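Please read the structure below before turning to the comments.
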Amino acid sequence: PYLPSLDDYYEPWTYDYQNLFNAPEGDDQPAVRAISMVTGKPIDTIEYGPNWDDDLGGSTVYAANDPNIDDWTEEERMQMREVMRVAFFYLPRICNHCLNPGCVAACPAGAIYKRGEDGIVLIGQDKCRAWRMCISGCPYKKVYFNWATGKSEKCILCYPRLETGQPPACFHACVGRIRYLGLVLYDADRIEEAAKAPDYALVDAQRSVIMDPFDEEVVANAKANGVPDAMIDAARRSPVYKFFKEFQIALPLHPEFRTLPMLFYVPPLGPVLGLRKPESGYYETVDATEERLEPLMASLEKSRLPIKYFARLFAAGNEEIIRDVYRKLVAVRLYMRSRTVGDVPEHEVAEALRLANLSPEKAEGIFRLTALPTFEERFVVPPLAREVAVEAQFPPLDPLNRNYPYYKGEVGVGFSVPAARRW
């Protein structure tokens, strides 16, 4: 039940390209027709598709039916569609590799599992029996069914790359440098309690699950559970820990799904609404005058995309959490402008830092991690030591162990033999 329909994925099509080459001579330029890859019949009019709906292209249908605004009044919806409010941001999405993954619990065949050494959620292709309950069970719909192989597939976080010390391909290739990778230590005994927290407390509950790698008691417990020193060192340098736990500016996507996703997002500093004063050329915002540059740091309520929207996306409706994040981002912007340009009064910077509960050192740290990170600071790939986990289950010197040569031969490439289908 609740499987995505063709309308959710769009109907795939191709074109009759042969007509370009094989059309008889004539006065008109030969044209191609769109051919459905589902029915094989021509499509007369293409009304929607992946490229059609990029960059607000399909907003009359898709944005108008956004579930994040289902509790808005008609007046609020009309305000969002005003020309002066139109704005958009990209939301890159891969598998969240959740702490409480719904797909793992939903699979009748037990083909989906969360690896103990790194937390990556994978689908065993040999065990998958095409029940597709994983697609129903994943609220983010990150699992899809491959009709050619008869198996469910999903993002594997490029675990063969991680096992060799490389970041995942999409992280590595991102030209915007918006993706960060790191290790966090968490208390598995608190997962159930965090998943049962009320909506308004879900983000704080998930933060409480993440442990402080600098705490001596946490380090002792980690070592007692077999976490090596190299892993603990990677957790201390992890940018994910800093964003989510230390700085508290990153948030999980739709925490109300209660799967405790381990992919976090820093909400965007959106464009600002303001009225330009013709006599001065400045924009009117809260407390803005000609002598001050507060128009650049306008109030949160003047944002084109309202706090209410981001609260539905990242905080299960808790608007105060979103305001706390934006106070920090605006305070860092003010602090760095005072440092580099010097046209923001010191008392304004001090007040902004106070409201954001930030120290100058933390503001500097947020700036450096978001604007000037090195490759090594963005990607802290821990030594996974996958061979240790395999040898713990299949001792290489055991004469009765016949599986070890198989694992040894497959190292670094997942499986080289295609998974067999049932029929």
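Output yes when any residue across the stretch 147-160 is hydroxyl-bearing (Ser, Thr, Tyr) and part of a loop (DSSP other than H, G, I, E, B), and no when none is. Yes, there is a match, as at least one residue in the stretch 147-160 is hydroxyl-bearing (Ser, Thr, Tyr) and part of a loop (DSSP other than H, G, I, E, B).
Of the candidates Arg85, Arg81, the single residue that is out of contact with any helix residue (DSSP H, G or I) (no Cβ under 7 Å at 6 or more places or on another chain) and among the basic types (Lys, Arg) is Arg81. Against the test of being loosely packed, with under 13 Cβ neighbours inside 10 Å and either closer than 23 Å to Gly116 by Cβ or of a type in the set (S, T, N, Q) (or both), the options Gly137, Gly165 yield a single qualifying residue, Gly165. The residues in the stretch 219-249 that are buried (at least 20 other Cβ atoms within 10 Å of the Cβ) and under 17 Å from Ile322 (Cβ atoms) can be counted, and the count is 4. Could you tell me which numbered condition Ala64 fails, if it satisfies all but one of (1) farther than 25 Å from Leu91 by Cβ; (2) in a helix (DSSP H, G or I)? Answer for Ala64: the failing condition is (1).
Selection of the stretch 255-278 for residues being at pLDDT 70 or above and part of a loop (DSSP other than H, G, I, E, B) yields Arg258, Thr259, Leu260, Pro261, Met262, Leu263, Val266, Pro267, Pro268, Leu269, Gly270. Filtered by the rule that a residue be in contact with a strand residue (DSSP E or B) (Cβ under 9 Å, 6 or more places away or on another chain) and farther than 12 Å from Cys95 by Cβ, the stretch 113-125 gives Tyr113, Arg115, Gly124, Gln125. Residues considered: Asp118, Asp212. Of these, the only one that is modelled with pLDDT of 95 or more, surrounded by 15 or more Cβ atoms within 10 Å (Cβ to Cβ) and either out of contact with any Phe, Trp or Tyr (no Cβ under 8 Å at 6 or more places or on another chain) or within 26 Å of Val266 (Cβ to Cβ) (or both) is Asp212.
Can you name the residue in the stretch 179-201 that is touching a Phe, Trp or Tyr at 6+ places or on another chain (Cβ under 9 Å) and in a loop (DSSP other than H, G, I, E, B) and is also nearest to Glu217 (Cα to Cα) among such residues? Restricting to residues being touching a Phe, Trp or Tyr at 6+ places or on another chain (Cβ under 9 Å) and in a loop (DSSP other than H, G, I, E, B), the top hit is Leu185. Here the stretch 351-383 is the region considered, the condition is being under 22 Å from the mean Cα position of the chain (by Cα) and assigned to a loop (DSSP other than H, G, I, E, B), and the residue that is farthest from Gly226 (Cα to Cα) is Leu372. Of the residues screened, Pro24 is one that is assigned to a loop (DSSP other than H, G, I, E, B), exposed (fewer than 10 other Cβ atoms within 10 Å of the Cβ) and either free of Cβ contacts under 8 Å to residues at least 24 places away in the same chain or not hydrophobic (A, V, I, L, M, F, W, C) (or both). Criterion applied to Asn51, Asn22 was being among the polar types (S, T, N, Q) and modelled with pLDDT of 85 or more, and the one residue passing it is Asn22.
Number of residues in the stretch 334-373 that are surrounded by fewer than 17 Cβ atoms within 10 Å (Cβ to Cβ), closer than 25 Å to Val240 by Cα and touching a Leu at 6+ places or on another chain (Cβ under 8 Å) equals 2. For the stretch 1-19, the tally of residues that are surrounded by fewer than 11 Cβ atoms within 10 Å (Cβ to Cβ), free of Cβ contacts under 8 Å to residues at least 60 places away in the same chain and in a loop (DSSP other than H, G, I, E, B) stands at 2.
The values are calculated or read from the model by the stated rules, or taken from the named source; none is laboratory data. Just so it is clear, the structure is predicted and the values come from calculations on it, not from any experiment. Cβ: placed from backbone, ideal geometry, glycine included. Neighbour counts: every protein chain shown.
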